[in-house]
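Colleague: My questions all concern the structure below.
The values are calculated or read from the model by the stated rules, or taken from the named source; none is laboratory data. In this text, all values refer to a predicted model and were calculated from it rather than measured experimentally. As a convention, Cβ positions derive from the backbone with ideal geometry for all residues, glycine included, and neighbour counts pool all protein chains shown. Areas reflect the complete protein model, heavy atoms only, side chains present, ligands, DNA and RNA absent. Shrake-Rupley method; radii C 1.70, N 1.55, O 1.52, S 1.80 Å.
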Amino acid sequence: MSATFSSLKHHNYRIWFGAALVANVGTWMQRVAQDWLVLSDLTDSSGIAVGVVTALQFAPVLALSAWAGLLADRLPRRRLLMATQGAMGLLALGLGALVLSGHVQLWHVYVFAGLLGVVTAFDNPVRQTFVAEMVPADKLSNAVGLNSASFNAARLVGPGVAGLLIAAVGSGWLFIINGVTFGATILALASMRTRELHVLPSAPREKGQIREGIRYVRRRTDIVVIMVVVGVVSTFGLNFQLTSAMMAKVEFGMGPGEYGILGSVLAIGSLTGALLAARRERPRVRLVIGSAFGFAVATGVMALMPTYASFALACIPVGLASLTMMTAANSTIQMSVDPVMRGRVMSLYMIVFLGATPVGSPLVGWIAEAWGPRWAIGVGSITAGLVAVGAAAWAVRNWRLEVRYRVLQRPHLVVRYLDAGTPVHRSARAETRRRLGVEDAEEIARAA
């Protein structure tokens, strides 16, 4: 089996991967159906209403993720994941029943979005950390990349199918289908060979454990840099559901089928990025920063595209850059933290990654209504560029790095640590190299 799919040799991860692919297709179908239901059936093309729904879906992450991360460090992760997956399926079935009955109103969608946000807040950290129990430690980066590949392969299929089904049978049945797909993940979890799980150590029940996780992250400047970059890009740039819907309907005058196609085209780039990430054995902080800058350039180009076809093609590099940033950030954090702290650290990361959405989505929705959807994308491009440049400048100054780019020589990018010669600086250099992937000169040639 090729290095890209090496984690699939492990039985537990293999059945999880297949079940998650099915559930992810349903999730993407529901996302498209929910946005189109709000945009076309319950409002008159209100970007603000779509932004509010998205915000409500992610707002509980801000309030609950820290506690959810602690639960992920304390409780059996497989059982906790079965409970959250089942609850998400029931919520999808409930909203679908309301839509099919013809009684759905906008406030119903708000309520279900908020409830889904509560469950998601508990699901995210346990789902992120459970990956480390299904594969050996040396396959963790590969498994994280394949998880992203599954999510984005589903994104390639789900939105396009959703657009066709909305036009054919309406939005309601898509919620029902999504609810049923969660049965696949529950069945996979129940079918796992528990003796083959690499069970992570559980955190003891003590006071101040959430504060302990926060102190741990504050001491890790590499994790702080990742969180700042991802947080800013997520807040202003990762609002594709909203901006794509507005561009398709308002800017190009298209219907639900064309909107769904945009999500599928975006997934071409995302899936490519995920498969490349699966081959990457050691992700690095500089890859997070570099891909954030690439995202800024790609979204800037996308915002200027004059036609639907050119806009759709521009989605591919945007998907590639955004997925590369997210998988590099996720893998770098998971592979570098103490296993007993992993749930709490990942919950704080998810607060930054998903918790930024309640702030960004209504704001981006307002920009789309007031100035047009192109400016909503453009603001994301500008802020991503600023935070990438700022993070790179901060890292060079505070981590004592020398960065040179050589046009005519390989490797083109050379990163060195400026050693002051003291034992303290030598120790700091070793720690910086471990976290950032900065190598000795002869190793740079192989890695850059």
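Colleague: When you scan segment 291-343, how many residues do you find that are touching a Pro at 6+ places or on another chain (Cβ under 6 Å) and modelled with pLDDT of 90 or more?
Modeller: Matching residues across segment 291-343 total 1.
Colleague: Next question, about the same structure. Against the condition at pLDDT 85 or above, within 26 Å of Trp366 (Cα to Cα) and open to solvent by less than 20 Å² (accessible area, probe 1.4 Å), how does Val288 come out, does it pass?
Modeller: no
Colleague: Moving on. Just give me the residues in segment 184-202 being within 25 Å of the chain's Cα centre (by Cα) and either open to solvent by 60 Å² or more (accessible area, probe 1.4 Å) or closer than 17 Å to Val22 by Cα (or both), in sequence order.
Modeller: Residues satisfying the conditions are Ala184, Thr185, Ile186, Leu187, Ala188, Leu189, His198, Val199.
Colleague: Just to be sure, is Arg374 out of contact with any Gly (no Cβ under 7 Å at 6 or more places or on another chain) and crowded, with 18+ Cβ neighbours inside 10 Å?
Modeller: yes
Colleague: Look through Gly26, Gly18 and report the one residue that is surrounded by fewer than 17 Cβ atoms within 10 Å (Cβ to Cβ) and assigned to a helix (DSSP H, G or I).
Modeller: Gly18
Colleague: Condition first: buried (at least 19 other Cβ atoms within 10 Å of the Cβ) and over 21 Å from Ala292 (Cα atoms). Can you find one or more residues in segment 379-392 that meet it?
Modeller: No, segment 379-392 contains no residue that is buried (at least 19 other Cβ atoms within 10 Å of the Cβ) and over 21 Å from Ala292 (Cα atoms).
Colleague: Take Val126 and decide whether it is out of contact with any Leu (no Cβ under 8 Å at 6 or more places or on another chain) and hydrophobic (A, V, I, L, M, F, W, C).
Modeller: Values: out of contact with any Leu (no Cβ under 8 Å at 6 or more places or on another chain): no; hydrophobic (A, V, I, L, M, F, W, C): yes.
Spelling it out, it is not the case that Val126 is out of contact with any Leu (no Cβ under 8 Å at 6 or more places or on another chain) and hydrophobic (A, V, I, L, M, F, W, C).
Colleague: If we only count helices (runs of 4 or more DSSP H) wholly inside segment 230-334, which ones have 2 or more residues that are among the acidic types (Asp, Glu)?
Modeller: none
Colleague: With respect to Val232, is the statement that it is surrounded by 22 or more Cβ atoms within 10 Å (Cβ to Cβ), modelled with pLDDT of 80 or more and of a type in the set (A, V, I, L, M, F, W, C) true?
Modeller: yes
Okay, residues lined up against (1) of a type in the set (Phe, Trp, Tyr); (2) within 28 Å of Val199 (Cβ to Cβ); (3) at pLDDT 80 or above; (4) crowded, with 23+ Cβ neighbours inside 10 Å:
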| position | (1), (2), (3), (4) |
| --- | --- |
| Gln128 | no, yes, no, yes |
| Ala137 | no, yes, no, no |
| Ala162 | no, no, yes, yes |
| Gly172 | no, no, yes, no |
| Phe182 | yes, yes, yes, yes |
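Colleague: Could you check segment 48-86 and list, in sequence order, the residues that are in a helix (DSSP H, G or I), open to solvent by 20 Å² or more (accessible area, probe 1.4 Å) and without any contact (Cβ under 8 Å) to a residue 60 or more places away in the chain?
Modeller: Ala63, Leu64, Arg79, Leu80, Ala83
Colleague: Looking at segment 35-47, which of the residues that are assigned to a helix (DSSP H, G or I) and open to solvent by 10 Å² or more (accessible area, probe 1.4 Å) is farthest from Gly255 (Cα to Cα)?
Modeller: So the first thing to find is which residues in segment 35-47 are assigned to a helix (DSSP H, G or I), and the list is 35-42, 47.
With open to solvent by 10 Å² or more (accessible area, probe 1.4 Å) added as a condition, the list becomes 36, 40-42.
Values: Trp36: 9, Ser40: 10, Asp41: 13, Leu42: 16 Å.
That would be Leu42.
Colleague: Going through segment 349-371 one residue at a time, which ones are open to solvent by less than 30 Å² (accessible area, probe 1.4 Å), out of contact with any Phe, Trp or Tyr (no Cβ under 6 Å at 6 or more places or on another chain) and either in a helix (DSSP H, G or I) or farther than 21 Å from Val225 by Cα (or both)?
Modeller: Tyr349, Met350, Gly355, Ser361, Val364, Gly365, Ala368
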